[in-house]
Structures are given as C-alpha cells and as structure tokens.
Amino acid sequence: MGKIVKYFAFISGGLALVLVAAILIVPSLVDVQKYKPVIEEKLADATGRKVSLGGDIKLSLFPWVGVSLADFQIANPEGFAEATFLQVNAFQAHVKVMPLLSREIYVDKIVLDGPQVYLEKRKDGKVNWQGFGSPETAASKPSAAVKDPKESPAEESSGFAVKSIEVGEFALKDGKIVYADAQQGTSTTVSDISLLLKDVSLTRPLGVDFSATFEGKPIGLQGQIGPLASAGGAVGKGIIPVDLSVNIADQLQATLIGQLEDVVGDMRYSFGLNTESFSLRDLAKALGVENFPVQTTDPKVLNTLELALKATGTASSAAIQGGSFTLDDSKLTFEANVASFSPLNLSASAALDTIDLDRYLPPPAETETASANGGGSAAPATAQKKTDYSGLRAITLDTKFSAGTVKIKGGTVENVVVQLKGKRGVFTVEPMSVDLYNGALSGSTEVDVRKDAPLTKVAVNTTGVQVGPLLHDFAGKDVLEGALASQLTLSFRGDTPEAIKKSLDGKGLLTFTDGAIVGVDLAGMVRNVQASFGLAEKPTEKPKTDFAELQAPFTITDGLVDTPGTTLTSPLIRVAAAGSAHLVSEKLNMKVHPKFVASLKGQGDTSERSGVMVPILIGGTFNQPTFAPDLAGLLQGGLPDVNALQEALQQELKPKKENSGEETDAIEQGIKNLIPQFKF
C-alpha cells in the first residue's frame, strides 16, 4: 500500500513538474508570431472588415494567462475617407488561471492604450459603423425559432457560463473619437479620453472615473453604475442603476440618475437630468477661453442657465417629459417624442413665458455702422452655395411653439403660436398667430423641398394692427400711420433674395384707416405747386397726408407689383393712384390723380393753403423716390376754373344744406380755408 502511495505521489509530482515546466517553457518555445495571419483572417471573417496586427503578440500562461499586442487595426469599408475604423496602439490583459476551472474570471488588469475610433457619415447617408459581420455568416444564421415552453434552462444555455467576474483594474488611456458628417460638412473630435475602473465586480456598484477633451475643452465624469448583474443573474439582462455626476471646471455641475434595462438585448433607459444654475460666461473663463465666442448686446446675459428633464427610450426612440430650461429671466418648458432617429420622426411642444431677444443679438458691427452712414463700398457679391434639401425629405415633424411676450429688433409681439408639421419634404406652418400693436396677425406657410429649389406659399391676414408704432419699433421708420387690415397670398420659388424677387407671385389688399402718410403732403402737392415741388420755401414741420382710409389692392407677377386702383380718402380730397413697382430693378412708376370734393369725411386739415390741383408722378427707386407734378396731364386737362368749380361745389352742397346746416357750414369753412377765393 505504501509503495502505491509513493508511486502515485511520484507520478503526480512528475506531472505537476512537467505541467509547470510546460507553462513556463512553452511560451518561449512557441512562435506566436507565425499565427498572426491566421488570427487576422479569423477576425476579418468575424467582422467583415480587414484586420491587421502590426506589432508583436506576447503570451504568458501562469500564474496569469496574459496576452499583449500592439498596432491593432480594423479597416473601414471602401468608399469612406478614412482608411481605418479602429486603431489600438497597445493592449494587454492578465487573467488568473485556476479560477477559470470554476467558471470564475479574475482579471488582474486590462489596459487599452491609445484607442482611436473614426466615425464617418457620407453624403449619401451611409455610415461606417454599420455592416459588421461576415455576409456568409449572417446568411447562414438560422432564423429565430419559437422556443418550446417545456425546454429546460439547461437546454436553452450552452457554452461557458460565467459565475462571476472580478477585475482589479481597467484602464483606457489617451483615447480619441472623431465623427465626420459629410452631409453637414462638420467634424467633431473627442480626445485625451481616459477611463479608470477599479475593483470591478458584476454584483457590486461600479465606480467610474472618466475624463476627456471635447473640441479642446476638458470634461469629467464620476459616479457609480450597477451592479451589472444580480447574484446568479445574467450580465446586462436586468435593471442596471446609474448615478453619475458631471463637473466641468467647477462651474457646471450636473447629475444623471436613472437606470438601464436589458442592455445586451432590447435596451431601454430611463433617466433624470438636472443641472445646477451656472454662468456660461464664467464657465468659458474657467476653461481658458480668452474671448467669449458669443457676442451679445447686453453683456449681462448668459449668466443664469439651468436645465431639468426626464428621458426614456430605446436604442431607436426617445421621449422627454417635464423639460424645463431657464435662461436669465426667461423660462422654457418642453416635451418631445422621437418615434425613430433614422429617419427622424419627431413630435415636440415648447412654451416660453417671455424673452427679450435684443439682449442676445450681437451688437452692430463697425462695418455695418459705416455702411449705414454711407461710408465704405459694398463688398462684391459672392456665389451662394447651393443648399442640399435631401436630408429634409425623409423626416417627419409635428411641433408646436408658443410664447407669451417676445421682443425682437425693438418691437414687441405677444401670444405667439406656431405649429410646424412636415412629411415627405412638405412642411407647413399652421396655425401661425400673434398679437401685435393692438391688432392680430394670422396665417399659414407651406414650404415644399421635394425639388432642388424650394417652393413657398404664404397666406397672411391682419386686423387692427397699428402700423405707425410697429414700423417705428421694428424698422426705425416713420412713414405710415393707421390701423391695418390685410389679406395676402404669395408664392415664390428659391431660397435666395434674387430668386425670390424674380419668382414672386400673388395678390392682396391692404386697408389702412384713420392714418397718415408721413413725409409726403399730397394735399399740399395738389394745392400748391411751388411749395410742394421745391419751388418755394419748405415748411418747418414734417409733412404728412392725413387720410380716413387708404386701400391698396395689388397683384404680383414675377416680382412686378401692380396696383391698379389704390385709393385714398381724405378730408375734401380724394386720391386715386395706379402704377407699378419692380422688386428686381427696384424702380417705381406710379401716377396719382387727386380730386377735390365737398365732403369732410376723413381727418381735417385747417391750416391755410392755396393753389391748384395737379396730378403727381412718382418715379425713381425704392431708396430714392422722386415726386413731380404731371404738367402734361395738367395742360391736357386744363387749369381748373375757380368759378366753375365753385358752382359745382355749391350744387353738391345744396341738398346737404336742407338736411344739416352745421355739416355744410363746416364744409364751406374747410373749402374757404383751402381756397380763400371761393364764395358761398
């Protein structure tokens, strides 16, 4: 018996010695490098991409199974700008041998040094991160069969089932991700990526320490994820809690709290995101930005920002509820639902309480100021890049925006409601409504981008809008007063000012009531030729033409605006105008026909004036209009005879005297003020 034990011990010791010798000696005897072509071929078959191992492969077997390699690359498919999809400068991993027999993995360390990923989207929409895997393998893979409910769990699972994983250290160093979008012509880089995980376990929360540089700006992330699996459960199949915080330069603090579910299957997520109030200007200073990139008229804005939202979704969809964004004195609440990302199918709504956009607009540039003052010469026109609308033809939109009060360009609008919908390249804005200057504007817009040049149709109606303060606030002009009611329908093709002017078609009617044309005294022009047309001393007060009603119907054909019957109703005077204005050449060609009447309907003008009534020609351009008496028309029609005109007016006033003496007295007095020679 003793001899048997001795023999058994001798044999066991010999086998152990041989095994140890093999583990120590084999790695130095086996030439791993000659297997590189085989490894590259197998990896290429698995990924469907060309794989190369440029550096040496090093192998160890005991007490840790260790492997290290250098210059590992996975190529991009043909047709992409970058040749490489993934490149790793160096990789090493050490796994303990003995626990593997119990299906337990103990990893000393995993180090990934210098990984670089190049993500690319071509102009045709194809991306380089899709299409992994061998086509033959995918074709031969059987379709998923319906599982037999009686099938045992042991029959469902196969292979090496892992009981536990322990990792002493996982380190990713000096990583880089580049995303190039050829459709948008943009490129984004995240560099200096560093990720350190220590004491990793599937059944304990995982501490995360991450840092990177995004477009030259440092970012950091700390917190906990997991456990990645419950005791005895599969990795990534259950709910994984997430509690992370972001700290950027001690200026921006944000928290992300929620959970991931079934990350290895049909992934779902639910998160709450909150930021503490922060200053964008202080954040820029902390990041070393010497010149703040956003120039605003008010230097005090962008000092109070805060964001809060809840998000749920899957890999292909997302939803945002309870969104809230604070920007200085303004607050925006919003919700959104993305039914799919590719192609985009988005529905969203947002409501803004109040905002003064003038505070956020850039201050007037010196060149603009000089140009406005007439200094300098205009820069030569450059060819505008043609816009590609192909990306818009696939998206679906259903969005709504509302705002209480918005100030822009000196003007103020209230109760803004805009609903934008889009599908298959046709986008509509309807309803579109806003209250402004004691009145209201409503309308609709349709933009069709199914062809290279977009086709736009606009319909606008206004009621009761006070145009005087509106033009003063928005344009800094005092040219017209009164309440505006309008109906406009316009259409044009193109997206440049030149194309829009050339293709503009439509019609409309503008009606102004109880107003005035500021800067032009039509009554003076038709009554006093010398004073009105520069032949006498000009009055010191700014001239204006008061009216009870001004109607301007018009049609537009290929940028040519034609108004066949513009009429102005003013006290004792009626004016009819006809002519055209060309939007491309900006030339005016109009003729004004005045008529003296015995009526006080309209706004009165009691200042002393004298003279004769003369037709007026309006020419020149939009920037430099000219006004001149129509002497040819005056001579053709003959000078008015005072006695004949007096007799005609007396005949017109005769029936009115019988009904209302006060009205006719006022009319007579108005006529005498205009033409003192008249006697009644």
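Quick notes on this structure:
- Pairs where the first residue, in the range 183-197, is surrounded by fewer than 15 Cβ atoms within 10 Å (Cβ to Cβ) and the second is at pLDDT 85 or above and assigned to a strand (DSSP E or B), C-beta under 6 Å, 6+ apart: SER187/ALA180; THR188/TYR179; THR189/VAL178; LEU196/ALA171; LEU196/ASP209
- Filter result for GLY55 (outside any helix (DSSP H, G or I), under 30 Å from SER191 (Cβ atoms), out of contact with any helix residue (DSSP H, G or I) (no Cβ under 7 Å at 6 or more places or on another chain) and modelled with pLDDT under 85): yes
- Sole exception among (1) in contact (Cβ under 8 Å) with a residue 40 or more places away in the chain; (2) surrounded by 15 or more Cβ atoms within 10 Å (Cβ to Cβ) for ILE240, by number: (1)
- Selection count where residues are at pLDDT 60 or above, crowded, with 17+ Cβ neighbours inside 10 Å and over 21 Å from LYS544 (Cβ atoms), scope the range 583-614: 1
- Count - residues of the range 415-432 that are over 18 Å from the mean Cα position of the chain (by Cα), farther than 17 Å from ALA350 by Cβ and assigned to a strand (DSSP E or B): 1
- Residue that is modelled with the lowest pLDDT [pool: residues in the range 415-433 that are surrounded by fewer than 17 Cβ atoms within 10 Å (Cβ to Cβ) and closer than 18 Å to PRO343 by Cα]: ARG424
- Listed conditions (1) under 26 Å from LEU260 (Cβ atoms); (2) exposed (fewer than 15 other Cβ atoms within 10 Å of the Cβ); (3) modelled with pLDDT of 85 or more are all met by GLU104, apart from (3).
- Residue check for LYS109: within 30 Å of PHE85 (Cα to Cα), surrounded by 14 or more Cβ atoms within 10 Å (Cβ to Cβ) and either touching a Leu at 6+ places or on another chain (Cβ under 8 Å) or modelled with pLDDT of 75 or more (or both): yes
- Residue list for the range 205-220, restricted to those being of a type in the set (D, E, K, R) and over 25 Å from the mean Cα position of the chain (by Cα): ASP209
- For the range 525-561, taking the residues that are among the charged types (D, E, K, R) and in a loop (DSSP other than H, G, I, E, B), the one that is modelled with the highest pLDDT is identified as ASP558.
- Candidate set from the range 58-76 (those that are aliphatic (A, V, I, L, M) and modelled with pLDDT of 85 or more); member that is surrounded by the fewest Cβ atoms within 10 Å (Cβ to Cβ): ALA70
- With respect to being surrounded by fewer than 19 Cβ atoms within 10 Å (Cβ to Cβ) and out of contact with any helix residue (DSSP H, G or I) (no Cβ under 8 Å at 6 or more places or on another chain), ASP473 fits the description.
- Selection from the range 457-471 of residues that are under 30 Å from the mean Cα position of the chain (by Cα) and either under 21 Å from LYS501 (Cβ atoms) or in contact (Cβ under 8 Å) with a residue 12 or more places away in the chain (or both): LYS457, VAL458, ALA459, VAL460, ASN461, THR462, VAL465, LEU470
- Qualifying residue in the range 273-288 (condition: within 30 Å of GLY236 (Cβ to Cβ) and touching a Phe, Trp or Tyr at 6+ places or on another chain (Cβ under 8 Å)): no
- Subset of the range 615-630 (residues that are outside any strand (DSSP E or B) and either at pLDDT 85 or above or within 47 Å of the chain's Cα centre (by Cα) (or both)): PHE622, ASN623, GLN624
- Per-region count, the range 489-515, residues buried (at least 21 other Cβ atoms within 10 Å of the Cβ) and assigned to a strand (DSSP E or B): 3
The values are calculated or read from the model by the stated rules, or taken from the named source; none is laboratory data. Just so it is clear, the model here is predicted, and its values are computed rather than measured. Glycine also receives a Cβ, built like all others from the backbone with ideal geometry; neighbour counts cover every protein chain displayed.
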